[in-house]
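What follows is one structure encoded as structure tokens, with my remarks underneath.
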Amino acid sequence: MPDQLDAVTDTTAHDAAPYDALLLLSFGGPEGPDDVVPFLQNVTRGRGIPEERLKEVGQHYFLFGGISPINEQNRHLLDALREDFAAHGLDGLPVYWGNRNWAPYLTDTLREITRDGHRRVAVLATSAYASYSGCRQYRENLAESIALLQEEGLVPPRVDKLRHYFNHPGFVGPMVDGVLRSLAELPEEVRAGAHLAFTTHSIPTAAADTSGPAEAHGEGGAYVAQHLDVARLIADAVREATGVADRPWQLVYQSRSGAPHIPWLEPDICDHLETLHGEGAPAVVMVPIGFVSDHMEVLYDLDTEATAKAAELGLPVARSATVGADPRFAAAVRELLVERAASERGRTVRPCALGALGPSHDLCPVGCCPARAPKPAAAGADSPYA
């Protein structure tokens, strides 16, 4: 990997002030068969989807005992964060965890944070890229929770969401290593010619086109641009490490869930595998760059569905690892926190970022990843909560 993967921020002092807590904010997932339908009801609330349809959708979870891996992955990440913080003088900074759609619920966790007396909280969302569902919706959830606590007579802390980290070396580096391990798992005779299929969650094209700040809006918006930048970084690093100069790669999509008449980002990973097989590709490594950990979408859409499609085609495939609780990612979170804290204290910092796009904004500007319907959102330039 280029030397810039070893770059660090100028904020070398391990000082989190003014922040007195970190909140890990995630999607949540069921932890048993009885949780599946209630969880999906939470995810789809307000859309009028009948329970029978939710049971059909829930079959993906039932194949794995009704358990999504995301909560256990977050527990591992919490352990990694606490271990890293303790090793760098931040052991006095508590780390909390709250979810949008399952226990521990965000409102309950924010209530606990408030009652513990914390007044300034940094928030890490387990979504690395700009989009409505990956950023603004989390900010809307924060605003909803703050409003609920205020109705209870509490005074919630100020919350600041840490910037997008898609191009941070602590996020990119582990994925590079994952691709190299996956290439090594392929039969030697197909290894050099293996294609890379970088996968992420498909979203409606309208949502992609309006992702990121207003100046980034256009075809694919910041969502596609950021994924392409990460894919290019990884492909370049793999080329350097393997000496294979012309390894083909493409950004593809998975986990579409919308109505058929609404355009979503394409091509789908299974369609892409069929295309590559038809073109004579000897093997493929699927690289889930859009996911921080092994969500259900990774286990089912890649490890189950796409892998079955490849077997049907007779196409050798491997799936590279997500970042998960890699110590380098935990260190990246610490760097993001310390960087933002220094900036809040008025220091000039050099944000750590790779690739062509540079570091993302600290504060989401007005018009960034606009909502489907106007709703208050915390931790942005349009936040009603200072």
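The values are calculated or read from the model by the stated rules, or taken from the named source; none is laboratory data. Remember, predicted model here, so these are calculated numbers, not experimental data. Note that each Cβ is placed from the backbone with ideal geometry, even for glycine, and that neighbours are counted across all protein chains shown. These accessible areas exclude ligands, DNA and RNA; they are computed on the full protein's heavy atoms, side chains included. Shrake-Rupley method; radii C 1.70, N 1.55, O 1.52, S 1.80 Å.
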task = Leaving ligands, DNA and RNA out of it, report the carbon-plus-sulfur percent of the accessible area of the chain at a 1.4 Å probe.
result = 51
query = Tell me, what is the per residue accessible area of the range 235-294 in Å², probe radius 1.4 Å?
reply = 45
note = One would report the antiparallel percent of DSSP beta bridges in the chain, rounded to the nearest 5, as 5
key: Accessible surface, the range 1-153, averaged per residue in Å² (probe 1.4 Å)   = 44
message = Please compute the per residue accessible area over the range 302-386 with all protein chains in place, 1.4 Å probe, rounded to a whole number of Å².
response = 44
query = So what is the relative contact order for the chain, in percent, with contacts set as C-alpha pairs under 8 Å and at least six apart?
reply = 26
request  = Could you calculate the FRET efficiency of Asn42 with Thr348 from 1/(1 + (r/R0)^6), where r is the beta carbon distance between them and R0 is 41 Å, rounded to 0.05?
outcome  = 0.45
request  = Note down the accessible area of Lys375, probe 1.4 Å, to the nearest 10 Å².
outcome  = 90
key: In nm, spacing of pseudo-spin labels at His261 and Arg115 (7 Å Cα→C-beta vector)   = 4.9
note = Rounded to the nearest 10 Å², the accessible area of Tyr223 using a 1.4 Å probe with every protein chain kept is 10
query = Build a GNM of the chain with springs between Cα atoms under 10 Å: which of Leu106, Leu186, Leu337 gets the top mean-square fluctuation?
reply = Leu186
query = So what's the back-of-envelope 222 nm ellipticity for the chain, counting only DSSP H runs of four-plus at -39500 (n - 2.57) apiece and dividing by all residues, rounded to 500?
reply = -11500 deg cm²/dmol
